[in-house]
Structures are given as structure tokens and as C-alpha cells.
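Just below is one structure, and these are the notes that go with it.
The values are calculated or read from the model by the stated rules, or taken from the named source; none is laboratory data. Since the model is a prediction, treat every value here as computed from it, not as a measurement. Don't worry about glycine lacking a Cβ; one is built from the backbone with ideal geometry, like all the others, and counts go over all protein chains shown.
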Amino acid sequence: MGASQTRPEHNYDDLTDKSGFSQEQIKNLYQRFQQLSGNNEKISRDDLERIPALNNNPIRKQIITAFFDKRNQHQNDVGSLDEIGFEQFLMVMSHFRPVNSTATEEEKASVRKQKLRFLFNMHDTDNDGIITLDEYRTVVEELLSQSGAIETEVARAIADAAMLEVASTNVPHMAPDDFYEGITFEHFEQILKGIEMESRMYIRFLDMNTATMRCGKLSS
Amino acid sequence: MEDLWTVAVAVFQLWMFVVVFFITLPAMFGLSLGVTSVYIQILVKLLEWATIRIQRGRQEQPSVPAPLPNGIIERAEGSMEEEMEQLRRSRSLEGGEFALSDALYFCKKGLESIVDDQVTQRFSSEELASWNLLTRTNQNFRYISLRLTIFWGIGVFVRYCVLFPLRIALAIIGLSWLVIGTTLVGFLPENSVKYWLSEVVHLTCYRICARALSATIRYHNKENRPQKGGICVANHTTPIDVVILANDGCYAMVGQIHGGLMGVIQRSMVRSCPHVWFERSEMKDRHAVTSRLRAHVAAKTKLPILIFPEGTCINNTSVMMFKKGSFEIGGTIHPIAIKYDPRFGDAFWNSSKYNMVSYLLRTMTSWAVVVNVWYLPPMTIQDGEDAVQFANRVKSAVACRGGLLDLAWDGSLKRGKVKDAYKEEQQKMYSRVIVRQNGISATHTRRDDQS
């Protein structure tokens, strides 16, 4: 008697430390990983693109790229991968884990910084540390104009206006000839200061106590 | 050596005698010796004991996780507009234009879809809340106790060595009787005797096949049984659905012509009874399909047609989009809901994982097939309703009756990607949020502010 499928020996303790998920959550995520990858060792972009609900999301390209982006692997690496294994999948997911209510202020600040960094990386595609006007425009266009409800011109105008506001807030004494390079990470943090990352950017996992264990009674 | 041989022959003869006289013949007449129901009752008691034992074992070993039937994450219930409102209110800057923080909402929704979505899980077998002592459904269950292991071992022996040969014999008898019987009936001229005989042959054969699966079928609301000239729709889980439904009445089947054994069966069936089999090339031509079906329905004396509008096998936890083709034909629709009891075996045919033969072998070595069939009252298309809305209405009724989840997704997503038209929906909604928040139209020139 035992598991009918062979599972590779993952060092779950190691993963718990690195990612901050509990053992049970890691096991659930592993099953999901298997489902998405078709029982392979690695997930490719195609596997993620096949999820129907994700296809409806306007920024699906950015989200999928984020999974294959080396910057989100906590390792100071740059570039992108073609396929990811389970550990890398977990690392990206760990940006969305809830903050422990028992965490210290420092820990909370560092988690918040991590989440902001994830968002920043999603916008900053060429990894120069700045979100330029072009990159910002790309995101707005993805969100708005692909549907044809708003034309590209309008979307562009909206992006430009928003960028201008950011510039005027963060560099208040800008002379009319100065060129605003782009949003740095510090500015980014400043802009999103009021927003509670803890509740907006996390995924709450259900655990055993909240699930109902039935005896298999049929509902009729 | 001689003695051994004669003994073996004698045992075999005795066994065949039992099979024929105690199972096949009563089955053909719709009678039952009650052995199967006793078997099911024993099984239920055994599984309940096993569940309690496993629960107790799990409390003692907290590292063994439980499968979560409702998905592994909790989702926020608000709509896009509500969540955007909340996001913007918490910002100190003036709301009204696009903001970087809006991307947060989509980011979170995207991650949620990656972790757990409603569609991908429907195309693999349902995870059980508790183990039913079959190795193949053992996802997470580890060694709990010696007695459980012993029962599992006995179960393996009973299923493979006692039940399986019995079932194979019955299946062979049933299928050959179908082929021979329908071919013989096909030689008769078209008169009422022929129809009656063909019904008898079909019914008896399906009853034998049902016994071959140790199927216990409970029919509810028999007063709503489909009449001649109607169209029956049902949710689709496995090819065995056909056997289950045909045990209680004769239907004209609709489907693709296959090759091999299935093809032989299909060709012989159509000799005695007007089933509607299509060539693959014809399936693509929807008008040809619809006109043939219309002709069949118009002749009110013909048997009711059985169609599975989902188009593919789903894992019996939900009902996916009903394709509108069957609902455009006109006529009365008789919906049927089929729900398999997952404790006794997994009925879902995962066609990408198993082919037909291995699927049948797996089903024949499960405990049994226990299924509830509900006949729903007939429905017709109402004024001002188009085929799609009618299809959705029927789908909701089927899902509600069968205790299944009602999903709007298309079953063909099993094999293909989402159509582009759906992808734009979210963007349209978001654009509306932005434009509305801007107050006046979005083309209000902000361009003068640009430097």
C-alpha cells in the first residue's frame, strides 16, 4: 500500500524555508504543477497559455513572462528561462504568499518590498531599473486598446498623462527642459505607498480545517 | 494429466452454467437474483469503515494532507468594478485616470488562475475525499493500519480473480449476442414485428452488458421517460453512458462511425434499428447533420434520438457548455442527468490518457458501477429564446438535478485554446471602468498638458 504514482524526492524542508509556504501548501501546489505540466518535470510557456481563465486576462503575457524571468528567482540573476521546474515555480508563487501576522515590522517591510519588486519587474522589461515611458505605454495598451474599445491614440494619451503626473509628483522642481527618464524603483515604492500590498497581492490557501471531509455520501 | 484436464473442463463447464443460467438469462428478462445488491451493501459498509479508519489515522499522523474538494485557494468574490474602486480609494493621489496599481488586480487574478482554475481540473479524474481501497485512486493515502491493508489485498484478489473473468465472459456474450441478434433481425422485412424484435434484442444485450460491469442503476422520475420523436440530451462522462441509458428504453444513437470492433457493432446495429451514424467528413458539415436529424425527428414513429451535447467526456463533477446544434433541430427535448457514484470506481474516460480497451479493463476491475439517472420533464424552446439560451437553460436544469457544477466553459477546451473573442472581454470591461471614471469622454484632450 502506498502512493501509486512515483514522486521525485523533493526536499520539502528546504523548499519550506526558501518559499515560506507550509508543507501542505507545497504538496497542493506540486499537484497543481503536475496537472499543468502534464506530469512532466518542467513547465513551458505553452502549458501556462493553455489555462482558459488566464487567457482572458489582459496582461497574461506579462504574467507568464514573470514566471520565466530570472529576476523573480531571488538570485540576482537576469535574463529569462525557457522552462521552469517546480522549485522555480514555487519561488515565483512565493511573492504572493500571505504575510504572517506574527512577523516583525522588518519582515513585513521586506515582504512588501519583494512584492513591489515583482510588480516593478513586470513593467520594466529591459531590466535597466527604470520604467520608461515606452514600457509604461506598453502596459496601458495591453490593458486597454487591444480590445478596440479605446483606440491606440487614446490609450497612449492616458499613459502619457499618468506618466506626467508621476513625474510632477516625484520630481517637483523639474524645469521644462528636463527629460524625465522614467520611474525608478524608489519612485515606484512612493507611488504605491498607500496601497496595502498585504491584502491586494496575496493568495490565501485553504487548509485542512476549512475543507469538509465527507464520508462519500451522495447528494441527490 | 488426463485427470487434471477432465477436472479443469468440468470446472469450466460448471462455471459457464452458473454464468448463463444465473446471470445472463435473468438479466435478459430484467430480473435479478439480488446478488449484486447484497454485494453493494457489503461494499458500502466496508468503505464507511475504511473512511473512519483513515480519518482516525490522519488525526494521529498530522503530516498526511487531505485533498481539498473545493479548490486550493480562496477567491475574492467582488466584481472587477468593485475591486478597482477599492484599489483607487486607498491611493492618496487623485483617482480617475489609469494607475499603476490597476495592474495589481489583473496580476492577482492571473496568479489565481495559474494556481487553480475551473476548467483544467475537469479533464482529469475527480479526487476523492477518502480512499476507496482501489490502488488507482490512491493519491495521498499512506499506510494507516494492517487491517486496512488486508482488506485492500482481499479486494484486489476478489476484483481481479473472481469478478474480472466473470465480467469478461458476460461482456463477450453480450456483445456477440448484439451483433448476431441484430444481423438476424435485419433480414426481416420492415414491419412491426421487426421493430419489436429489434427492441428486444437491444434491451437484452444492454442488460447483459450492464451486468458485465456490475452496474446498479437507479432510475428516478420514470414518468418523464422520453417518447417517440423526441430528442434526449444528457451529460457525458464515458461511453458507458449509452449502456446505462439503453437499459431502460430504446434510443436511436447519433455518433461517428469508428473502425474495428466498434465499427462492426455499429454496422450491425443499424441493420435492425434506424441509428444515425456519420462519416467523419460529414460531421463537419453541420447542415447535413441537422437535416438528417430533422428528418428522423419529423417521422414521429421513430425512436427518440440520444445526443450528448457537450461533445466530449467530462469528469462528472460539472456540466460544460451544451453545443447549440442539437437544440436547433426543433422538437421536444428530454433532458437526462447521469451521476456516477465515485466511491465504487472512476467512470470518467480520460481519452488522452487511456484508450478504449484499457479504459474498459479498468472499469471491469473496479468495485462496481453505481449510477443515478434522473429523467427531467420535457422542455421546448420558448418564444424569443435563441438556441444558445435554450441550451443553457437545459444545461442548468441538468446540472441542478444531478448535483453537478454548472460551467459555461466549452468542453472542447480539452483539446484546444480559448477563442479570441473571449479574450477581449476583460479588456472591454476594464476600458469601461477607466472611461467612466474619467467622467467626460476619454478623448478629452490631455494632450495640451503634455510637454
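Test of understanding: among B:389, B:382, which residue is surrounded by fewer than 22 Cβ atoms within 10 Å (Cβ to Cβ), polar (S, T, N, Q), out of contact with any strand residue (DSSP E or B) (no Cβ under 7 Å at 6 or more places or on another chain) and assigned to a loop (DSSP other than H, G, I, E, B)?
After applying the criteria, what remains is B:382.
I need the full set of residues from region B:337-365 which are in a loop (DSSP other than H, G, I, E, B), surrounded by 21 or more Cβ atoms within 10 Å (Cβ to Cβ) and over 16 Å from the mean Cα position of the chain (by Cα), in order please.
none
Looking at A:106, A:41, A:83, A:49 in this structure, which one is away from chain B (no Cβ under 13 Å), in contact with a Lys or Arg (Cβ under 8 Å, 6 or more places away or on another chain) and at pLDDT 80 or above?
A:83
Identify the residue in region A:86-96 that is within 14 Å of another protein chain (Cβ to nearest Cβ) and in contact (Cβ under 8 Å) with a residue 60 or more places away in the chain and, among all such residues, is nearest to residue A:200 (Cα to Cα).
Within region A:86-96, the match that is nearest to residue A:200 (Cα to Cα) is A:96.
Return the pairs, sorted by first residue and then second, in which the second residue is buried (at least 17 other Cβ atoms within 10 Å of the Cβ) and assigned to a helix (DSSP H, G or I), the first residue lies in region B:36-57 and is touching a residue at least 12 places away in the same chain (Cβ under 8 Å), the beta carbons are less than 6 Å apart, and the residues are 6+ apart or on different chains.
Short answer, once both residue conditions are applied: B:47/B:343; B:53/B:148.
Just to be sure before I move on: is residue A:131 at the interface with another protein chain (Cβ under 9 Å from one of its Cβ atoms) and in contact with a Gly (Cβ under 8 Å, 6 or more places away or on another chain) in the structure I sent?
Spelling it out, residue A:131 is indeed at the interface with another protein chain (Cβ under 9 Å from one of its Cβ atoms) and in contact with a Gly (Cβ under 8 Å, 6 or more places away or on another chain).
Just one of (1) in contact with a His (Cβ under 8 Å, 6 or more places away or on another chain); (2) at pLDDT 85 or above; (3) within 14 Å of residue B:205 (Cβ to Cβ) trips up residue B:273, so point out which.
(2)
Residue check: is residue B:304 buried (at least 21 other Cβ atoms within 10 Å of the Cβ) and touching a Pro at 6+ places or on another chain (Cβ under 6 Å)?
yes
Look through region A:11-33, keep the residues that are in contact (Cβ under 8 Å) with a residue 24 or more places away in the chain and not in a helix (DSSP H, G or I), and return whichever of them is surrounded by the fewest Cβ atoms within 10 Å (Cβ to Cβ).
Checking each candidate, the answer is A:22.
So in region B:401-427, with the set limited to residues that are surrounded by fewer than 16 Cβ atoms within 10 Å (Cβ to Cβ) and within 8 Å of chain A (Cβ to nearest Cβ), which one is modelled with the highest pLDDT?
This residue is B:403.
Output yes when any residue across region B:153-172 is out of contact with any Leu (no Cβ under 7 Å at 6 or more places or on another chain), modelled with pLDDT under 80 and more than 7 Å from chain A (Cβ to nearest Cβ), and no when none is.
Checking region B:153-172: not a single residue is out of contact with any Leu (no Cβ under 7 Å at 6 or more places or on another chain), modelled with pLDDT under 80 and more than 7 Å from chain A (Cβ to nearest Cβ).
Enumerate the strands (runs of 3 or more DSSP E) found wholly within region B:187-280, keeping only those where 1 or more residues are hydrophobic (A, V, I, L, M, F, W, C) and closer than 20 Å to residue B:31 by Cα.
Answer list for region B:187-280: B:215-220.
Assigned to a helix (DSSP H, G or I), modelled with pLDDT of 80 or more, among the acidic types (Asp, Glu) and more than 17 Å from the chain's Cα centre (by Cα) - does that describe any residue in region A:161-183?
Among the residues of region A:161-183, not one is assigned to a helix (DSSP H, G or I), modelled with pLDDT of 80 or more, among the acidic types (Asp, Glu) and more than 17 Å from the chain's Cα centre (by Cα), which makes the answer no.
For region A:54-86, enumerate the residues that are among the basic types (Lys, Arg) and buried (at least 18 other Cβ atoms within 10 Å of the Cβ).
A:60, A:71
So if I check each of B:394, B:398, which one is touching a helix residue (DSSP H, G or I) at 6+ places or on another chain (Cβ under 9 Å), on the phi < 0 side of the Ramachandran plot, more than 11 Å from every other protein chain (Cβ to nearest Cβ) and at pLDDT 85 or above?
The unique qualifying residue is B:394.
Here's the yes/no breakdown for (1) on the phi > 0 side of the Ramachandran plot; (2) buried (at least 19 other Cβ atoms within 10 Å of the Cβ); (3) touching a helix residue (DSSP H, G or I) at 6+ places or on another chain (Cβ under 9 Å):
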{"residue": "B:208", "(1), (2), (3)": "no, yes, yes"}
{"residue": "B:215", "(1), (2), (3)": "no, yes, yes"}
{"residue": "B:220", "(1), (2), (3)": "no, no, yes"}
{"residue": "B:223", "(1), (2), (3)": "no, no, no"}
{"residue": "B:229", "(1), (2), (3)": "yes, no, yes"}
{"residue": "B:264", "(1), (2), (3)": "no, no, yes"}
{"residue": "B:270", "(1), (2), (3)": "no, no, yes"}
{"residue": "B:278", "(1), (2), (3)": "no, no, yes"}
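List, please: which pairs have Cβ atoms under 6 Å, are six or more places apart or on different chains, and start with a residue in region A:36-53 that is surrounded by 15 or more Cβ atoms within 10 Å (Cβ to Cβ) and end with one that is among the hydroxyl-bearing types (Ser, Thr, Tyr)?
A:43/A:37; A:47/A:37; A:51/B:113; A:53/B:113
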